[in-house]
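Here's the structure, in structure tokens; my notes come after.
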Amino acid sequence: MIKPVHVIGGGMAGSEASWQLAQAGVPVILHEMRPVRQTEAHLTDGLAELVCSNSFRSDDAQTNAVGLLHEEMRRANSIIMATGDKTQVPAGGALAVDRVAFSDAVTKALNEHPLVTIERGEVAGLPPEDWDSVIIATGPLTSPALAEAVLDLTGEDSLAFFDAIAPIVERDSIDMDIAWMQSRYDKGETEADRAAYINCPMDRAQYDAFIEALLSAPHTEFKEWEKDTPYFEACLPIEVMAERGPETLRHGPMKPRGLTNKHKPDEKPWAVVQLRQDNQLGTLFNMVAFQTKLKYGAQADIFRTIPGLENAKFARLGGIHRNTFLNSPRLLDETLRLKARPALRFAGQVIGVEGYVESAAMGLLAGRFAAAERLGRPVEIPPATTAFGALVTHVTGGHLSGPKASFQPMNVNFGLFPDISAPTKDEDGKRLRGRDKSAARKRAMSARALSDVDAWLYATSKAA
């Protein structure tokens, strides 16, 4: 009889790890502390609950690294990607999901799997010694008791950063006589995709007043122990971006490029606020990149100064929570095991990847590694040329160099991949330059990655 593997945490990584184990024929006991103990960010007790954006970002597998990761996960029988595909909502070239339907479907699939047992309750401190194979996928909101126990075991200090949540607006409260629907540069294969975003235009005076309001608004007060915690660069609160200069937002998430106001086609907006569909019914839209640490009253007042949102009804206002992650290059081996206690594997954001898909991908790998180990098979690491391998290399130290190098959370990106000799000319023999050259290089990297991940998946299946 095969002994079960214990998975602690029912988020994106833990759910994916459990699925991979069960599909390999290994029994799983999935421990999720909600609803017995809640977190600061979760609202339900569902598995794989999305607590920030509802977007898995770009689904372009040819020229975007996260889209490539999507495809690798699909080929590896990912429950997160399969469910995301089934519950998607229009989002241009991105993959966004109905967050409630998504969580419900993942919860149902794991509840009904004959090899998965779900136990509700907190695992306080380190797992018992007789749990000889454990995946800790507790995410950025790891319970204090478990986090402290891991730190005591390793003798390492934890790193931490803040992750902010964007507000969600009720669709019927948006003034569509001012706003319009369009994806940037009309991206998307379907009409729904090409009109996936609601756009709210600002002229220069409105933008300047908005920036001034952000800079003068009251912020959430942090506790003393939180004050020196750095933000993750890819998820900065909007007011922190504004503090970097008055033009930062206009050249970032509020850039007007690729958009034409259908109400005033001859008038170019100075800046544009975009909202993205948040549920399948299309009744809720989240404010893209508007994660914030402003106090609730200030949020409502300031965001209602945005043209089209004067009467906005907020289904949820923005918030902020503290995320923690391990110094993984020091603490973990290449199969994500804790060097100080190899019976423990870690997966998800807690090991230093950022983003839903990246977290789930690390759960997928941890699950596959643990399944191979439990079944007495070789534990094969995915090639560094793949998105899977690039992320494993990142969290296990391959990116570090120099005595002052520091480990920080990272989204998947082509900068993590080994270089490649890409085409320098197009089909007509014309030399590629600028964006065309960059796109050709990314396509070459993606083609190599998919070829290599197929070979890796085939080799691991043959070992079964």
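Of all residues in the range 60-93, those satisfying the criterion of being under 20 Å from Gly415 (Cβ atoms) and in contact with a strand residue (DSSP E or B) (Cβ under 8 Å, 6 or more places away or on another chain) are Asn64, Val66, Gly67, His70. Of all residues in the range 350-395, exactly one satisfies the criterion of being surrounded by 24 or more Cβ atoms within 10 Å (Cβ to Cβ) and among the acidic types (Asp, Glu), namely Glu358. Based on what the data block shows, is Val240 open to solvent by less than 20 Å² (accessible area, probe 1.4 Å), touching a Cys at 6+ places or on another chain (Cβ under 6 Å) and not polar (S, T, N, Q)? Here the answer is no, as Val240 does not meet what is asked. Residues that are among the charged types (D, E, K, R) and at pLDDT 80 or above within the range 400-432 comprise Asp419, Lys430, Arg431, listed in sequence order. Within the range 357-376, residues that are touching a residue at least 12 places away in the same chain (Cβ under 8 Å) sit with their Cβ atoms under 6 Å from residues that are acidic (Asp, Glu) and crowded, with 24+ Cβ neighbours inside 10 Å, at 6+ positions apart or across chains, in these pairs: Ala360/Glu16; Gly363/Glu16; Leu364/Glu16. Within the range 109-121, residues that are closer than 11 Å to Leu30 by Cβ and touching a residue at least 12 places away in the same chain (Cβ under 8 Å) have Cβ atoms under 7 Å from residues that are buried (at least 16 other Cβ atoms within 10 Å of the Cβ) and among the aromatic types (Phe, Trp, Tyr) in these pairs: Leu110/Trp19, counting only partners at least 6 apart in sequence or on another chain.
If I ask for residues that are open to solvent by 40 Å² or more (accessible area, probe 1.4 Å) and out of contact with any helix residue (DSSP H, G or I) (no Cβ under 9 Å at 6 or more places or on another chain), which ones from the range 89-119 would you list? Of everything in the range 89-119, those that are open to solvent by 40 Å² or more (accessible area, probe 1.4 Å) and out of contact with any helix residue (DSSP H, G or I) (no Cβ under 9 Å at 6 or more places or on another chain) turn out to be Val100, Asp104, Lys108, Asn111, Glu112, Thr117, Glu119. For the range 77-104, the set of residues classified as β-branched (Val, Ile, Thr) and assigned to a helix (DSSP H, G or I) consists of Ile79, Ile80, Thr83, Val100, listed by residue number.
Taking the criterion of being in a loop (DSSP other than H, G, I, E, B), hydrophobic (A, V, I, L, M, F, W, C) and under 18 Å from Ser53 (Cα atoms), the only residue of the range 299-353 that qualifies is Leu317. When the residues of the range 175-187 are filtered to those that are crowded, with 21+ Cβ neighbours inside 10 Å and in contact with a Gly (Cβ under 6 Å, 6 or more places away or on another chain), the one that is nearest to Lys264 (Cα to Cα) is Ala179. Condition first: under 30 Å from Ile211 (Cα atoms), in contact with a Ser or Thr (Cβ under 6 Å, 6 or more places away or on another chain) and surrounded by fewer than 20 Cβ atoms within 10 Å (Cβ to Cβ). Can you find one or more residues in the range 332-344 that meet it? No, every residue in the range 332-344 fails to be under 30 Å from Ile211 (Cα atoms), in contact with a Ser or Thr (Cβ under 6 Å, 6 or more places away or on another chain) and surrounded by fewer than 20 Cβ atoms within 10 Å (Cβ to Cβ).
The values are calculated or read from the model by the stated rules, or taken from the named source; none is laboratory data. Please read these numbers as outputs of a predicted model, since none were measured by experiment. Cβ: placed from backbone, ideal geometry, glycine included. Neighbour counts: every protein chain shown. Quick note on the areas: whole protein, heavy atoms, side chains included, nothing else; ligands and nucleic acids left out. Shrake-Rupley method; radii C 1.70, N 1.55, O 1.52, S 1.80 Å.
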